[in-house]
Amino acid sequence: MMREDKTLIYATREEMGRGIDMRIMTQQREDGSASYVENLTMNTVGAGERIPVCIKLTNEEAKYMIDSLWQAGVRPSNGEGSSGQLAATQSHLEDMRTIAFKTLDIVEAK
C-alpha cells in the first residue's frame, strides 16, 4: 500500500525575534528522510490573468500551519481568533453577576 505524504507548513520565531521563519516539507518517512521546499519563484501575470495555485493543503494541513503560526506568536489582525471566546466569557460573567445580585438581594449600581 502506497503511503501519501502530508505537506507540513510550519512557522517558528526567528532567532532574534524579528520575524517568522516558514518551512514547507513532507512528513518524515519511515527511514527518517523528508522532502522540503528550498526555493520559491515569483512569476508575473498580466492584468486580469488567473494566478495559478502554488500549493494545495488539506484542512488538517492548513490547521497545522495556523497552529504553528499561533505558537510562534502570530495573531489575527482583526482579533477574530479569540473574540468569540472573549464574548462568551463576558456573557458568562454578566450572567454570574445577575445571579449573584439577585441571590444576595443587591441593587446593581449603573
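Each value in this text was obtained by applying a stated rule to the coordinates, not by laboratory testing. All figures in this text were calculated on a predicted structure; none of them were measured in a lab. Cβ: placed from backbone, ideal geometry, glycine included. Neighbour counts: every protein chain shown.
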inquiry  = Tell me the angle of helix 80-103 to the major Cα principal axis of the chain, expressed in degrees between 0 and 90 and rounded to the nearest ten.
reply    = 20 degrees
ask   = If you work out Rg/Rh (Cα atoms, Kirkwood Rh) from the coordinates, which of (1) 1.01; (2) 1.04; (3) 1.23 do you get?
value = (3)
task = Count the net charge of all other residues whose Cβ sits under 12 Å from the Cβ of Leu8, scoring Lys and Arg as +1 and Asp and Glu as -1.
result = -1
